[in-house]
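Let me begin by presenting the structure, written as structure tokens, before commenting on it.
The values are calculated or read from the model by the stated rules, or taken from the named source; none is laboratory data. Keep in mind that this is a model prediction, so the values were computed, not measured. In this analysis, Cβ positions are derived from the backbone assuming ideal geometry, glycine residues included, and neighbour counts consider all displayed protein chains.
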Amino acid sequence: MSVFDYDVIVVGAGHAGIEAALASARLGARTLALVIKLESIGRMSCNPSIGGPAKGHLTREIDALGGEQAWVADLTGIHYRMLNMKKGPAVWAPRAQNDRIQYSLLMREHLEAQTGLDILEASVSGLLVRDNAVSGVKTLFGKEFTAPRVILATGTFLNGMIHTGKVSISGGRAGEPAALFLSEDLGAVGLAVRRFKTGTPPRIDMRTLDYGKLEAQPGDDEPQGFSYYRHVTPRNHVSCYITRTTEETHRIISENIRLSALYSGIIKGIGPRYCPSIEDKIVKFPDKPTHHIFIEPEGLSTHEGYVNGISTSLPPQVQDAIIRSIPGLERARIVRYGYAIEYDYISPEEITLTLETRKIKGLYLAGQINGSSGYEEAAGQGLMAGINAVLSLDGRSPLILDRSNAYLGVLIDDLVTCGTNEPYRMFTSRAEYRLCLRQDNADERLMPIGRDLGLVSDVRWQRFQSMLAAKERELLRLQRETCDQHPDLTEPVKFALLLKRPRITSQDLIRYGWKPSPDVDPGTARRIELEIKYEGYLKRQEEELERFRKAEGITLPGDIDYMHINTIAWEAREKLNRIRPLSIGQAMRIPGVNYTDTSALMIWLRKHKLLPSSPLREVTGA
Ligand SMILES: Cc1cc2nc3c(=O)[nH]c(=O)nc-3n(C[C@H](O)[C@H](O)[C@H](O)COP(=O)(O)OP(=O)(O)OC[C@H]3O[C@@H](n4cnc5c(N)ncnc54)[C@H](O)[C@@H]3O)c2cc1C
């Protein structure tokens with residue numbers, strides 16, 4: 001009988017907390033999820049949308065590992081688009097507009113249905129820590145809960161401060177109280193607490209738009225969802241709309257810039273560069289005469305619409321004027337005003353690749369608390385923290401995905417190895433091996449791992465196996481069977497060779513005599529086409545991956561005192577000591593640790609017989 005109330009406590013039931021709690025309970029741990037407001041479980045604080053470049057990749061990876069986000073996104077999607085289709089397949093990205101209310105309700109339903117998971121509305125105000133190990137949490141009204149593993153997934157709530165114009169109020173999100181005292185407790189146990197900011201635009205009543213002046217942006221003809229083998233058919237229910245800012249909009253913002261919380265000196269935290277407020281866009285890009293605005297419905301049971309592109313902390317009367325200056329929005333009525341929020345986060349250099357803190361055993365951090373931004377980034381970390389917390393309880397090896405097999409690996413490695421000085425979001429450009437890490441093949445990369453863990457059901461696993469078998473058979477047929485009906489051919493060629501031609505698609509092959517197998521669905525057909533067309537590039541990337549894996553394979557003992565290796569530069573020694581890379585590969589990615597430092601480290605390791613005879617040249621390609 002355990003002396004603890006629970007095995008795992010998850011603080012927060014946002015995107016990170018949900019995945020952490022579900023993974024933990026599904027892996028058999030007695031789990032408690034604590035949340036400030038039950039109604040806010042799975043709430044989308046900003047845009048009710050999942051996916052987009054690199055984020056869609058993350059969502060599909062979460063699904064392949066047995067997470068929840070993709071499935072619920074598919075069940076509540078109202079508008080689907082595959083982005084970047086004019087670019088290469090590495091950056092094609094599924095994106096959905098979701099019904100905000102339904103998304104949150106369904107997530108709550110899934111949590112409530114999970115055996116082994118208790119949910120409680122309570123605000124956590126401190127940690128129970130004994131001998132540098134966590135043993136539970138304290139709540140605001142005094143009740144304590146004990147557990148040997150605690151996952152903090154507190155989002156933007158830690159000492160959250162909401163700003164609109166000159167008015168600032170304490171809050172974790174509009175209408176929800178901030179989490180108080182917990183930050184101070186985290187600082188007191190030695191974790192580095194820092195401050196970021198983010199913001200959100202006003203919402204409008206969709207019935208007050210002049211649709212004649214807006215450009216409709218319908219969903220794709222063949223909508224594609226996120227989840228694998230769940231048999232959800234995505235459907236478009238609404239259209240989105242495009243408009244733009246005008247000279248008048250820019251004038252209003254410039255004239256009122258001192259009223260913005262961001263420009264009046266009230267906000268001190270650093271915001272996301274890639275997702276600037278409208279004030280930032282006008283000030284930082286004065287030569288740009290106009291900026292795109294996307295109007296996105298928030299759901300099927302509401303007329304509320306999200307005005308994507310004008311996140312702001314200007315006062316309400318200025319927001320009214322901005323809206324009226326935009327074509328199609330002249331008579332639009334704001335139903336919620338935009339605001340900015342500042343919040344505490346913990347420097348991600350405080351965690352290891354398992355998301356456990358270095359200083360407090362058993363304490364894991366996931367999501368926005370680690371300095372990241374975005375639902376997908378949060379959900380991915382939550383899933384990994386939930387899995388690793390239970391694996392460590394069971395005394396099993398941790399699950400660490402690396403940069404060669406997942407965006408999730410890139411995300412966590414970037415945060416832990418490089419830290420971040422602005423809210424971190426995922427981009428396809430962050431993944432070196434992105435042609436291999438496509439959104440379409442996340443199942444092949446990760447589902448076997450999810451299955452081994454016990455997070456992928458028998459039904460889904462069987463469907464996956466059938467897909468693999470059908471794909472293999474079709475690939476072989478394409479390589480074996482010959483086409484003699486193409487008008488440009490002087491002699492018959494294999495269908496696979498024909499498909500390699502730039503303008504020929506698998507659909508075109510049908511006109512030239514190809515008979516696709518009935519057990520190959522459209523998604524698998526697209527995947528086969530990509531693998532054939534990009535075979536050469538994929539092979540080259542595989543070679544690069546080999547070099548990467550070698551460097552990752554040279555593991556570093558956890559107890560090296562780098563400060564005593566005086567052949568390494570001082571700054572590099574400090575960084576190595578702080579971050580404690582698991583491999584030479586990870587050491588090479590630490591900013592401030594350069595080639596000479598890793599060479600010196602390899603020589604030192606060899607001298608101390610801690611290294612096999614693998615030369616650095618082989619690892620770095622130098
Ligand atoms: C105003 C605003 C604008 C945003 N704009 C964008 C954007 O444009 N683009 C983007 O990518 N992301 C944006 N975000 C960020 C996005 O919402 C987050 O990245 C994402 O929600 C993080 O998920 P999370 O699970 O880490 O935290 P959250 O979704 O914030 O969930 C936190 C959870 O923790 C609970 N909680 C917190 N503290 C405690 C406590 N002490 N005790 C118990 N429960 C607690 C809360 O109740 C909540 O359930 C914005 C967020 C806000 C607030």
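Restricting 465, 485 to residues that are in a loop (DSSP other than H, G, I, E, B), surrounded by fewer than 17 Cβ atoms within 10 Å (Cβ to Cβ) and not β-branched (Val, Ile, Thr) narrows the list to 485. Restrict the check to segment 241-264 and report whether at least one residue is more than 15 Å from the ligand (Cβ to nearest atom), under 15 Å from residue 309 (Cα atoms) and assigned to a loop (DSSP other than H, G, I, E, B). Checked against the condition, which is being more than 15 Å from the ligand (Cβ to nearest atom), under 15 Å from residue 309 (Cα atoms) and assigned to a loop (DSSP other than H, G, I, E, B), segment 241-264 yields at least one hit. Scanning segment 584-593 for residues that are among the small types (Gly, Ala, Ser) and buried (at least 19 other Cβ atoms within 10 Å of the Cβ) yields 585, 587.
Per-residue answers, yes or no, for (1) buried (at least 23 other Cβ atoms within 10 Å of the Cβ); (2) away from the ligand (no atom under 13 Å from the Cβ):
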| site | (1), (2) |
| --- | --- |
| 301 | no, yes |
| 309 | no, no |
| 338 | yes, no |
| 374 | yes, no |
| 380 | yes, no |
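Would you check if residue 339 is aromatic (Phe, Trp, Tyr) and out of contact with any helix residue (DSSP H, G or I) (no Cβ under 8 Å at 6 or more places or on another chain)? It is true that residue 339 is aromatic (Phe, Trp, Tyr) and out of contact with any helix residue (DSSP H, G or I) (no Cβ under 8 Å at 6 or more places or on another chain). For segment 193-223, filtered to residues that are part of a loop (DSSP other than H, G, I, E, B) and in contact with a Gly (Cβ under 7 Å, 6 or more places away or on another chain), the residue that is farthest from the ligand (Cβ to nearest atom) is 210.
Within segment 477-510, the set of residues being free of Cβ contacts under 8 Å to residues at least 12 places away in the same chain and farther than 20 Å from residue 535 by Cα comprises 487, 488, 489, 490, 491, 492, 510.
Scan segment 313-330 and tell me whether some residue there is within 27 Å of residue 423 (Cα to Cα) and small (Gly, Ala, Ser). Yes, there is a match, as at least one residue in segment 313-330 is within 27 Å of residue 423 (Cα to Cα) and small (Gly, Ala, Ser).
Taking the stated definitions as given, is residue 190 within 28 Å of the chain's Cα centre (by Cα), assigned by TED's automatic domain parsing to the domain that holds residue 123, assigned to a loop (DSSP other than H, G, I, E, B) and away from the ligand (no atom under 15 Å from the Cβ)? Yes, satisfied. Of all the listed residues (153, 192, 174), the sole one being surrounded by 21 or more Cβ atoms within 10 Å (Cβ to Cβ) and either under 30 Å from residue 259 (Cβ atoms) or touching a residue at least 24 places away in the same chain (Cβ under 8 Å) (or both) is 153. Selection of segment 126-164 for residues being touching a helix residue (DSSP H, G or I) at 6+ places or on another chain (Cβ under 6 Å), within 11 Å of the ligand (Cβ to nearest atom) and not in a loop (DSSP other than H, G, I, E, B) yields 126, 127, 151, 152, 158.
Of all residues in segment 80-125, those being away from the ligand (no atom under 15 Å from the Cβ), part of a helix (DSSP H, G or I) and under 30 Å from residue 146 (Cα atoms) number 3. Within segment 348-375, being under 15 Å from residue 418 (Cα atoms), part of a helix (DSSP H, G or I) and in contact (Cβ under 8 Å) with a residue 60 or more places away in the chain holds for 348, 349, 350.
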